[in-house]
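One structure below.
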There are 2 protein chains.
Amino acid sequence: MARVLMLKCVLCGRTYREREVDYTCPHCGMDGTLDVLYDYDEIKKHFTRECLEKSRDFTQWRYRDILPVNDETNIQPLEVGFTPLYDSGVLAREYGAKKVYIKDDGRNPTASLKDRASAVGVARALDYGKNTIACSSTGNAASSMAGFAAVAGLKSFIFVPESAPEAKVAQLLIYGATVVLVKGNYEDAFNLSTAAIYKFGWYNRNCGINPYLVEGKKTCGLEIAEQLGWEAPDRIFIAVGDGCCISGLYKAFYDLKALGFIDRMPKLVGVQAAGSSPIYHAFKYHLPKVEFVKPDTLADSIAVGAPRNWAKALRAVRQTAGDMVTVTDEEILEAMKELARKTGVFGEPAGVTGFAGFKKMAKERYIGMDERIAIVVTGNGLKDIASARKAVAKPILVEPDINELLKRICC
Amino acid sequence: MARVLMLKCVLCGRTYREREVDYTCPHCGMDGTLDVLYDYDEIKKHFTRECLEKSRDFTQWRYRDILPVNDETNIQPLEVGFTPLYDSGVLAREYGAKKVYIKDDGRNPTASLKDRASAVGVARALDYGKNTIACSSTGNAASSMAGFAAVAGLKSFIFVPESAPEAKVAQLLIYGATVVLVKGNYEDAFNLSTAAIYKFGWYNRNCGINPYLVEGKKTCGLEIAEQLGWEAPDRIFIAVGDGCCISGLYKAFYDLKALGFIDRMPKLVGVQAAGSSPIYHAFKYHLPKVEFVKPDTLADSIAVGAPRNWAKALRAVRQTAGDMVTVTDEEILEAMKELARKTGVFGEPAGVTGFAGFKKMAKERYIGMDERIAIVVTGNGLKDIASARKAVAKPILVEPDINELLKRICC
């Protein structure tokens with residue numbers, strides 16, 4: 001377990017001790033999200049590449065030396081992380097890159113990358129002696145938190161916008177969470193959850209403001225680096241909603257560089273849905289701050305008009321000489337089919353948005369033939385079947401009769 | 001890769017060479033399913049527990065020395081198997097057993113145990129030089145085959161009963177399979193697929209008759225044994241539909257015993273839905289043969305009235321001094337909720353049927369306090385959200401207003 005050295009505001013640079021602040025910078029308010037920093041020189045002494053090579057822990061907790069959990073017994077047994085990284089020769093050839101790696105984070109316990117954050121969030125809530133944890137979410141963070149809270153014996157309250165897909169809502173009800181469906185969008189759900197969390201003193205799992213959750217998400221990046229033999233890819237594509245996942249990737253490579261595990265950062269490319277792209281907009285127009293919008297995309301997990309972690313997300317792209325791109329809903333659905341057919345990885349709409357962005361940039365010849373590309377698939381396609389059905393044709397319906405069948409199919 | 005020594009009919013005991021027969025025993029017809037047997041004395045010389053300890057392959061292919069694939073290059077990269085085995089102290093205490101282990105096979109690439117069989121089936125189809133693979137399925141085998149066929153570049157034809165859940169159908173369309181929805185039940189779909197496979201010369205992935213597929217499924221049992229340090233549990237509970245999964249478990253422990261990895265077989269307990277329990281019926285009434293029924297259960301993956309692998313399934317239970325039990329749909333839905341809340345594992349109805357059977361037998365005091373129990377969860381709950389919704393209450397719907405919320409919840 002890593003002792004936290006300090007929390008540092010991403011906007012003003014002020015630093016705080018671990019228990020001095022709970023969520024965001026008191027000086028900068030909600031926009032001032034905090035980085036969790038460690039004593040890297042101290043950690044270096046005992047946490048090495050060689051140690052990891054010997055480790056038999058094939059979950060994200062193999063990186064516990066740089067994860068902010070104080071009491072190891074608060075780690076829940078659900079096996080999170082160490083998801084597959086597929087080397088797709090088919091995609092590399094087709095899109096003209098040296099390598100294309102697909103990181104399938106839909107293979108996590110509740111089927112999304114959010115499990116990485118929830119695992120840390122629940123452990124932190126227990127560290128603080130809380131018995132209730134709450135969040136607002138478009139769905140994945142919620143079902144993930146519900147799952148981990150259930151195992152930990154914590155009560156959970158979840159605030160989701162009314163439009164959340166039924167699969168995700170059913171999943172969290174199954175886990176025994178109290179689900180509050182908010183008549184409104186994600187921002188309304190977020191605001192109501194914040195008010196309730198303050199009122200009741202619950203632990204806040206909102207990844208957009210809780211600095212420890214991005215630490216969980218960073219394990220996705222740590223794994224990519226380790227799975228590639230500690231040679232960071234040239235570019236990583238990932239969907240951007242709230243901005244937390246891309247911030248997690250940034251933090252992963254920041255930590256690894258500080259520890260001397262890698263010597264250069266990959267370029268991080270954030271992909272937003274065209275109908276919900278406030279961070280893209282701020283990046284393209286060099287704005288100091290993100291302007292909130294009304295989201296409109298079928299990729300519900302990134303339908304975030306008021307992204308809370310915008311400051312970290314912009315930094316991730318800017319500091320790595322990365323880029324941002326938007327894709328339409330049609331491009332997302334097309335990417336969903338193509339990825340499944342070429343790699344066997346079935347992602348939800350937001351899950352394949354990173355791949356859709358890669359396709360777009362590759363077609364526009366932004367990708368070099370010598371580049372090693374990684375693409376993160378953030379959630380499983382089974383989470384949103386309604387969208388999957390939009391992407392495909394109907395099955396053939398026949399009577400159980402071979403002659404009828406012969407008339408209907410051609411082989 | 002293991003060279004197949006012989007195929008042996010489970011009914012008459014006749015043996016055949018590998019390419020002498022394709023699917024079932026010519027003498028016994030469809031009921032005469034075949035065991036795939038190896039030269040265990042030869043394999044013993046190089047395949048040892050020590051080898052496995054050193055292996056860095058954490059997929060089912062770590063057991064390739066006892067898997068019937070001839071050409072290693074036909075193994076697809078989708079990472080299948082080595083799913084978590086959770087030690088649930090909560091369940092052990094509650095139900096009075098020494099240990100209760102939950103094997104979460106919903107963590108496979110397409111989210112069910114069937115992936116183990118599809119991985120082998122697709123490799124065998126390629127071994128045979130086929131370019132099309134087909135099966136009938138209530139859903140999971142189909143989506144699984146579609147996923148693996150897509151990656152392998154094989155065409156796939158899938159025959160499903162009209163009642164298959166939409167999630168499963170969408171998943172296989174996403175993978176690019178040609179889906180034939182058959183107006184009828186699973187038996188109708190099976191018969192039509194058999195006729196079409198014969199007509200077109202496709203490779204037959206129907207697990208009920210293709211002996212090699214049970215070999216894939218056995219890896220679930222191999223993993224349980226290895227994850228428990230080669231000490232087989234006392235009893236393993238698993239849902240039974242076609243009879244293939246329990247036959248896979250039997251074969252796993254049969255092979256391990258033949259190789260000297262373990263010294264006793266676990267008792268295998270097959271759990272069927274009360275509305276679709278022909279194998280249970282044959283077991284309880286000591287019938288020589290299973291009588292087919294019309295299935296009626298919401299657990300679609302085991303809604304099999306005409307189970308093709310009944311002979312192997314009955315042997316698995318009888319030879320291990322195991323047992324069979326039935327559970328109602330209500331007990332299945334209750335088990336779904338309980339398992340999710342106590343272990344974080346969200347299974348589909350058939351997926352949790354093994355757990356429902358365990359609960360029933362534990363309550364009836366059939367389980368000893370000193371027993372080590374393993375329960376296989378065969379598929380992910382996200383595959384059948386409609387059923388999950390039947391198991392839970394509705395969420396609370398509120399305006400985004402803290403005062404309204406306070407009136408609606410009690411903390």
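Annotations for the structure displayed:
- Taking each residue of the stretch B:44-64 that is within 12 Å of chain A (Cβ to nearest Cβ) and looking for partners that are aliphatic (A, V, I, L, M) with beta-carbon atoms closer than 8 Å, six or more apart or interchain, yields B:Thr59/B:Val80.
- Answer from B:Ala316, B:Ala282, B:Ala299 - the residue that is buried (at least 23 other Cβ atoms within 10 Å of the Cβ), of a type in the set (A, V, I, L, M) and either more than 20 Å from the chain's Cα centre (by Cα) or at pLDDT below 95 (or both): B:Ala299
- Each residue in the stretch B:101-151 was checked for being over 22 Å from A:Val398 (Cβ atoms), of a type in the set (Gly, Ala, Ser) and crowded, with 24+ Cβ neighbours inside 10 Å, and 12 of them qualify.
- For B:Glu215, the conditions (1) acidic (Asp, Glu); (2) touching a Lys or Arg at 6+ places or on another chain (Cβ under 6 Å); (3) closer than 24 Å to B:Phe82 by Cα are fulfilled apart from (2).
- Subset of the stretch B:396-409 [at pLDDT 90 or above and at the interface with another protein chain (Cβ under 7 Å from one of its Cβ atoms)]: B:Ile396, B:Leu397, B:Val398, B:Glu399, B:Pro400, B:Ile402, B:Leu405
- A single entry from A:Pro84, A:Pro77, A:Pro68 fulfils the requirement of being touching a residue at least 24 places away in the same chain (Cβ under 8 Å) and within 12 Å of chain B (Cβ to nearest Cβ): A:Pro77.
- Filtered by the rule that a residue be of a type in the set (A, V, I, L, M, F, W, C), buried (at least 24 other Cβ atoms within 10 Å of the Cβ) and within 20 Å of B:Pro295 (Cα to Cα), the stretch B:326-359 gives B:Val327, B:Ile332, B:Ala350, B:Val352, B:Ala356.
- Residues in the stretch B:84-106 that are of a type outside the set (Asp, Glu) and under 13 Å from the mean Cα position of the chain (by Cα): B:Lys103, B:Gly106.
- Verdict on B:Ser112 being of a type outside the set (D, E, K, R) and under 22 Å from A:Thr83 (Cβ atoms): yes
- Those residues of the stretch A:368-411 which are of a type in the set (Val, Ile, Thr) and either over 29 Å from A:Leu91 (Cα atoms) or touching a Lys or Arg at 6+ places or on another chain (Cβ under 6 Å) (or both), in sequence order: A:Ile373, A:Val376, A:Ile396, A:Val398, A:Ile402, A:Ile409
- When residues of the stretch A:360-389 are limited to those that are surrounded by 24 or more Cβ atoms within 10 Å (Cβ to Cβ) and more than 14 Å from every other protein chain (Cβ to nearest Cβ), the one farthest from the chain's Cα centre (by Cα): A:Ile373
- Residue pairs whose Cβ atoms lie under 8 Å apart, separated by 6 or more positions or on different chains, with the first residue in the stretch B:225-247 and part of a strand (DSSP E or B) and the second crowded, with 21+ Cβ neighbours inside 10 Å and among the aromatic types (Phe, Trp, Tyr), are B:Phe237/B:Phe355; B:Phe237/B:Phe358.
- Within the stretch B:125-148, tally of residues that are more than 14 Å from every other protein chain (Cβ to nearest Cβ), in contact with a Pro (Cβ under 7 Å, 6 or more places away or on another chain) and not hydroxyl-bearing (Ser, Thr, Tyr): 0
- Those helices (runs of 4 or more DSSP H) lying entirely in the stretch B:1-101 with at least 3 residues under 23 Å from A:Ser55 (Cβ atoms) and out of contact with any strand residue (DSSP E or B) (no Cβ under 6 Å at 6 or more places or on another chain): B:49-54
- Matching option when the condition is at pLDDT 95 or above and closer than 25 Å to A:Tyr186 by Cα, among A:Gly229, A:Gly270, A:Gly208: A:Gly270
- Every condition in (1) outside any helix (DSSP H, G or I); (2) under 20 Å from the mean Cα position of the chain (by Cα); (3) more than 12 Å from chain A (Cβ to nearest Cβ) holds for B:Thr110 except the one numbered (3).
- Residue within the stretch A:379-392 that is within 23 Å of A:Met265 (Cβ to Cβ) and not aliphatic (A, V, I, L, M) present: no
- Subset of the stretch B:177-214 that is outside any helix (DSSP H, G or I) and among the basic types (Lys, Arg) - its residue that is nearest to B:Leu154 (Cα to Cα): B:Arg205
- Some residue of the stretch A:188-196 being at pLDDT below 95 and either under 20 Å from the mean Cα position of the chain (by Cα) or closer than 21 Å to A:Gly379 by Cα (or both): yes
- The single condition among (1) farther than 30 Å from B:Val4 by Cα; (2) within 9 Å of another protein chain (Cβ to nearest Cβ); (3) surrounded by fewer than 22 Cβ atoms within 10 Å (Cβ to Cβ) that B:Asn191 does not satisfy is (1).
- Of the residues making up the stretch A:194-222, those that are more than 14 Å from every other protein chain (Cβ to nearest Cβ) and of a type in the set (Lys, Arg) are A:Arg205, A:Lys217, A:Lys218.
- Per-region count, the stretch A:318-358, residues under 15 Å from A:Gly241 (Cα atoms), in a loop (DSSP other than H, G, I, E, B) and within 12 Å of chain B (Cβ to nearest Cβ): 1
- Among all positions in the stretch A:251-271, there is at least one residue which is more than 14 Å from chain B (Cβ to nearest Cβ), over 30 Å from A:Glu94 (Cα atoms) and within 13 Å of the chain's Cα centre (by Cα).
The values are calculated or read from the model by the stated rules, or taken from the named source; none is laboratory data. As the structure is a prediction and not an experimental result, all values here were calculated from the model. A quick note on method: Cβ atoms are made from the backbone with ideal geometry, for glycine too, and the neighbour counts reach across all protein chains shown.
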